[in-house]
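> Provided herewith is a single structure, encoded as structure tokens, for subsequent inquiry.
The values are calculated or read from the model by the stated rules, or taken from the named source; none is laboratory data. These figures come from a predicted structure and were not determined experimentally. Note that each Cβ is placed from the backbone with ideal geometry, even for glycine, and that neighbours are counted across all protein chains shown.
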Amino acid sequence: MENFEPTIVAFVCNWCTYTAADLAGTSRLVQSPNVRLIRMMCTGMVDPKYVIKALLSGADAVLVSGCHPGDCHYINGNYKARRRIKLVKEILTQFGIDERRLKLTWIGASDGIEFAETVNELVNEIKELGPCEAREMMVV
Amino acid sequence: MANKIGVYVCHCGTNIAGKVDPPAVAAHAATLKNVAVARDYKFMCSDPGQEMIIKDIREMGLDRVVVASCSPRLHEKTFQKACARAGLNPYLFQMTCIREHCSWVTKDPDEATEKAKHLVGAAVNRVNWHDELHERVAPVLPDVMVVGAGIAGIQASLDIARSGHRVHLVEKGPSIGGHMAQFDKTFPTLDCAACISTPKMVAVAQEPNISLMTNAEVQEVTGFVGNYTATVLKKPRYVDAVKCTGCGLCLEKCPTKVPSAFEEGLTTRRAIYRNSPQSVPNTPIIDPDHCRVLNGKKCGVCEKFCPAGAIDYEQKPETVDIDVGSIVLCTGYDAMDPTPMGQYGFGRYDDVYTALQFERMNNAVGPTGGRIVKKDGTPPESVAILHCVGSRDKNYHEYCSRVCCMYALKYDHLIKDKVGHHSKVFNFYIDLRCFGKGYEEFLRRVQEEGVTFIRGRPAEITDRAQCPSEEGKLIVVAEDTLLSRMVRVPVDMVILCTAMEARKDLPEVARVFGVAQGQDGFLLEEHPKLGPVSTSTDGVFIGGTCQGPKDIPDAVSHASGAAAQSLALAARGEVTISPTTSWIDPDVCIGCKVCIGLCPYSAIEFDELRQVSVINEAMCKGCGSCAGHCPSGAAQVHHFNQRQVFAELDGLLKVVPRVKEKDEEAGTPPAPAEAAEVEAEVTA
């Protein structure tokens, strides 16, 4: 689709990915402006309804990103997130939303470069996919 | 009554204003619902910037504040305090980052401004749903625990103990001193390592405020800043420390020999052993893996010969719980094992040594009595020292290990001094990093002693001679990059400057204390520039090489820094705990108990009378695991509840009128019809 600029919401954990985003900013790593961050204390705090609400409210994709497994600031919040996100993906497919619109990554506090790369890659992926199916199918 | 929100958009000099249009963002904010005032200013974090907020709160009766500037990780507290000074609860404030996540990373100014407008809209929406929250004050226990008794742990312990606070010093090994106790001399002064560290080690042993536990490990830590409980396993020594006189007879008589880790495998020790005659504590220890008696076989020689009757095979491990206010981790480093680097022949050739092995060789109580000799006992006529083995190497560790250039120079000098000035010494280096006090001067001195420096990382060490002069030697094959020529240098001995890496057990240590490791494996400091001794876990500090490669002066400074910060907590006697804990609405909770099993801090209890789950605020750290999972939405984290997040989402995704419409309609500003529709309603 030409000129389609996706809107992507990212739920990022305060201790790892938010810090990595800060580092990417301090290092002036150019990123596509389509990704907007919502600061959570932990990916374990990300309720599935936030993800679904985002996709139904106009987001074309959702990124959930936190500490690497084993490194969660709150010990195991990211493991819970991993399980939840897997289930949410299955629900999305049942509703006809491409499961690639929900992405879960682990980005540590010192991984500024990885954060910038993840953002840019995701934007390109979603540009290919096009606008979220929810906009066409549902009364949003 | 509707809220009155004040919105402040920072220019941050040109950091934000260089890409984002702050006046346009402020103008957009002014059109949003409940926004009473929207301003932009050059430096919001400055005194006049903060005063602007305070003035507006007082004069306009603002009850919510939004600041759009840098990362909240930098100035959230600054603006929260400003609100507090004006009489507004600091949690009725929301900060959004339009610098690190916007102006600094977006190429197109229009796109950056549009993104900033969305971020501000999200913050404005969210702040409507903020509640007043009050921080809790908790007492701080006066004792401190220091984990690891190398030079960093020793320094931290002495600093804290001398302030009057009690230190619980836990050391995994049988004696204190760490790697420094293995060294012979230290650069650049060539002070004997033992001579400068033993006074501190003895001070630790004699300091009444230090409770030293060797052969002990911390198994578990519970609690929160100011109130930690550490469970320490004190493993049995099988020697009664009170009765033992340190005579050392047992060490001579034990029939079992085991490769010695302290001697870096160069020689053996007995099953009953101590690291060195100067060890603190001086009491020997029996290795339960190798002692014949402890493995059910016949022996008992040490018990028979001990004149003090100090051997006690029946000693049992002991577990103690220790309550402390803060913890300082000084767990040290490991030297990399170069065996995987087959091209250097470590483990294949007799006379290829690691740096730590060479230290033990030079040490007067080491395996050779301080003489530099090859495996066959003869002194080497020529020695090659290879820098950066495993460091500055994409295949192993990208970082520089910081100390190797300096100790390589130290070895140059020791070889010239002990073997003789006729000995040929070759350094194969990439750069010479002599950054500290007296370091460059030391390099000059070593150069003047006639040491050869070849700039090039060797390709291999081989014993395949290509000419008579190479027979019986180890040949270093390298490129001399300054001459642009391949060289083959035959030597008698090779020393590898192996990388300083994170200890193998560090992931377990990090897990127990709730701290993180960085990409390089070392413990992650709170901030690389301004927070080198603290971690993201309040009350847990780090000192010495566990945070990253450093030499002894830096390790000592670092440890003192960590001690100072832990003392700040202990001296204050109290600490404010964040109120962003979880709360379970008893009217909504259905008593399913799912949250209880999910809580990593066991902070949720079940109230049998009311049949609902209840959060223990003292233990809760606000991680949100319970809230993320609660099927009824009863569990919500203060300051991160669902109403707030939904509102933030709404603001993020609301369509913002495009700037271009302004020009199209002959200069009239666009009707902000859509923007005014911003609702604070939430469909639950």
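> Scan (1) surrounded by fewer than 23 Cβ atoms within 10 Å (Cβ to Cβ); (2) modelled with pLDDT of 95 or more; (3) closer than 18 Å to B:A138 by Cβ for the single condition B:I577 breaks and write down its number.
(2)
> Taking the condition free of Cβ contacts under 8 Å to residues at least 60 places away in the same chain and within 14 Å of chain A (Cβ to nearest Cβ), does B:V105 pass?
Criteria met by B:V105.
> Given B:P90, B:P48, B:P23, which one is assigned to a loop (DSSP other than H, G, I, E, B) and either touching a Cys at 6+ places or on another chain (Cβ under 6 Å) or without any contact (Cβ under 8 Å) to a residue 24 or more places away in the chain (or both)?
Numbers: B:P48 fails: assigned to a loop (DSSP other than H, G, I, E, B); B:P23 fails: assigned to a loop (DSSP other than H, G, I, E, B).
Every option except B:P90 fails the conditions.
> On to the next question. Considering only the stretch A:73-91, how many residues are in contact (Cβ under 8 Å) with a residue 40 or more places away in the chain, surrounded by 17 or more Cβ atoms within 10 Å (Cβ to Cβ) and over 14 Å from the mean Cα position of the chain (by Cα)?
Count: 2.
> Next up: Only one of (1) more than 30 Å from B:E574 (Cα to Cα); (2) in a loop (DSSP other than H, G, I, E, B) is not met by B:T331, so which one is it?
Exception for B:T331: condition (1).
> Before we move on, is B:V403 buried (at least 18 other Cβ atoms within 10 Å of the Cβ), of a type in the set (V, I, T) and touching a helix residue (DSSP H, G or I) at 6+ places or on another chain (Cβ under 6 Å)?
It is false that B:V403 is buried (at least 18 other Cβ atoms within 10 Å of the Cβ), of a type in the set (V, I, T) and touching a helix residue (DSSP H, G or I) at 6+ places or on another chain (Cβ under 6 Å).
> Same structure, new question: Return yes when A:A81 is more than 7 Å from every other protein chain (Cβ to nearest Cβ) and either part of a strand (DSSP E or B) or out of contact with any Lys or Arg (no Cβ under 7 Å at 6 or more places or on another chain) (or both) and no when it is not.
In short, yes.
> Is it the case that the stretch A:59-75 has a residue that's part of a strand (DSSP E or B), of a type outside the set (D, E, K, R), at the interface with another protein chain (Cβ under 7 Å from one of its Cβ atoms) and within 23 Å of A:A109 (Cα to Cα)?
yes
> Can you spot a residue in the stretch B:227-236 that is in a loop (DSSP other than H, G, I, E, B) and either surrounded by fewer than 17 Cβ atoms within 10 Å (Cβ to Cβ) or modelled with pLDDT of 95 or more (or both)?
Yes: one or more hits.
> Okay, moving on. Anything in the stretch B:256-267 that is in a loop (DSSP other than H, G, I, E, B) and either modelled with pLDDT under 95 or surrounded by 14 or more Cβ atoms within 10 Å (Cβ to Cβ) (or both)? List them, or say none.
B:T256, B:S260, B:F262, B:E263, B:E264, B:G265, B:L266, B:T267
> Could you tell me whether any residue of the stretch B:561-574 is closer than 24 Å to B:V221 by Cα, more than 12 Å from chain A (Cβ to nearest Cβ) and of a type in the set (S, T, N, Q)?
Pass one, the stretch B:561-574, residues closer than 24 Å to B:V221 by Cα: B:561-574.
Cutting the leftovers down to more than 12 Å from chain A (Cβ to nearest Cβ) gives us B:561-574.
Of the ones still in play, those that are also of a type in the set (S, T, N, Q) are B:565-566.
Within the stretch B:561-574 (the criterion being closer than 24 Å to B:V221 by Cα, more than 12 Å from chain A (Cβ to nearest Cβ) and of a type in the set (S, T, N, Q)), the answer is yes, since at least one residue qualifies.
> Further question: Could you tell me which of the residues B:M201, B:M180, B:M213 is of a type in the set (A, V, I, L, M) and in contact with a His (Cβ under 8 Å, 6 or more places away or on another chain)?
None of the others qualify; the one that does is B:M213.
> Just to verify a result, which residue in the stretch A:1-52, among those that are among the acidic types (D, E) and surrounded by fewer than 21 Cβ atoms within 10 Å (Cβ to Cβ), is farthest from the other protein chains (Cβ to nearest Cβ)?
Here is the first cut: in the stretch A:1-52, the residues among the acidic types (D, E) are A:2, A:5, A:22, A:47.
Keeping just the survivors that are surrounded by fewer than 21 Cβ atoms within 10 Å (Cβ to Cβ) gives A:2, A:5.
On the way: A:E2: 17, A:E5: 9 Å.
Of everything passing the filter in the stretch A:1-52, A:E2 is farthest from the other protein chains (Cβ to nearest Cβ).
> When you scan the stretch B:444-457, do you find a residue that is within 21 Å of B:D337 (Cα to Cα) and touching a residue at least 60 places away in the same chain (Cβ under 8 Å), even just one?
So far as the stretch B:444-457 goes, yes, one or more of its residues are within 21 Å of B:D337 (Cα to Cα) and touching a residue at least 60 places away in the same chain (Cβ under 8 Å).
> Is at least one residue of the stretch A:3-19 out of contact with any Ser or Thr (no Cβ under 8 Å at 6 or more places or on another chain), in a loop (DSSP other than H, G, I, E, B) and under 18 Å from B:V120 (Cα atoms)?
Yes.
> Here's another thing I want to ask about it. Determine which member of the set B:K33, B:K55, B:K107, B:K81 is more than 23 Å from A:L29 (Cβ to Cβ) and assigned to a loop (DSSP other than H, G, I, E, B).
Being more than 23 Å from A:L29 (Cβ to Cβ) and assigned to a loop (DSSP other than H, G, I, E, B) holds for just one of B:K33, B:K55, B:K107, B:K81, which is B:K33.
> Right, B:V127: within 25 Å of B:I577 (Cα to Cα) and within 14 Å of chain A (Cβ to nearest Cβ) or not?
It is true that B:V127 is within 25 Å of B:I577 (Cα to Cα) and within 14 Å of chain A (Cβ to nearest Cβ).
> Please specify each residue of the stretch A:111-122 satisfying the condition of being surrounded by fewer than 22 Cβ atoms within 10 Å (Cβ to Cβ), farther than 18 Å from A:W15 by Cα and touching a residue at least 12 places away in the same chain (Cβ under 8 Å).
A:N120
> Among the numbered criteria (1) touching a residue at least 60 places away in the same chain (Cβ under 8 Å); (2) farther than 30 Å from B:G438 by Cβ; (3) in a loop (DSSP other than H, G, I, E, B); (4) not acidic (D, E), which single criterion is violated by B:S536?
Of the numbered conditions (1) touching a residue at least 60 places away in the same chain (Cβ under 8 Å); (2) farther than 30 Å from B:G438 by Cβ; (3) in a loop (DSSP other than H, G, I, E, B); (4) not acidic (D, E), the odd one out for B:S536 is (1).
> From the list A:G108, A:G96, pick out the single residue that is surrounded by fewer than 16 Cβ atoms within 10 Å (Cβ to Cβ) and outside any helix (DSSP H, G or I).
On the way: A:G108 fails: surrounded by fewer than 16 Cβ atoms within 10 Å (Cβ to Cβ).
Matching residue, one of A:G108, A:G96: A:G96.
> Answer yes or no: is there a residue in the stretch B:129-147 that is buried (at least 21 other Cβ atoms within 10 Å of the Cβ) and farther than 30 Å from B:L329 by Cβ.
The answer is yes; a qualifying residue exists.
> So, in the stretch B:502-521, exactly how many residues are assigned to a loop (DSSP other than H, G, I, E, B), in contact with a strand residue (DSSP E or B) (Cβ under 6 Å, 6 or more places away or on another chain), more than 10 Å from chain A (Cβ to nearest Cβ) and within 15 Å of B:V147 (Cβ to Cβ)?
Result for the stretch B:502-521: 1.
> What's the number of the condition B:A181 fails, among (1) in contact with a strand residue (DSSP E or B) (Cβ under 8 Å, 6 or more places away or on another chain); (2) touching a residue at least 40 places away in the same chain (Cβ under 8 Å); (3) outside any loop (DSSP other than H, G, I, E, B)?
If we test B:A181 against (1) in contact with a strand residue (DSSP E or B) (Cβ under 8 Å, 6 or more places away or on another chain); (2) touching a residue at least 40 places away in the same chain (Cβ under 8 Å); (3) outside any loop (DSSP other than H, G, I, E, B), just (1) comes out false.
> Additional query: Output the residue which, of all residues in the stretch B:597-631 that are within 12 Å of chain A (Cβ to nearest Cβ) and polar (S, T, N, Q), is farthest from B:V645 (Cα to Cα).
B:S602
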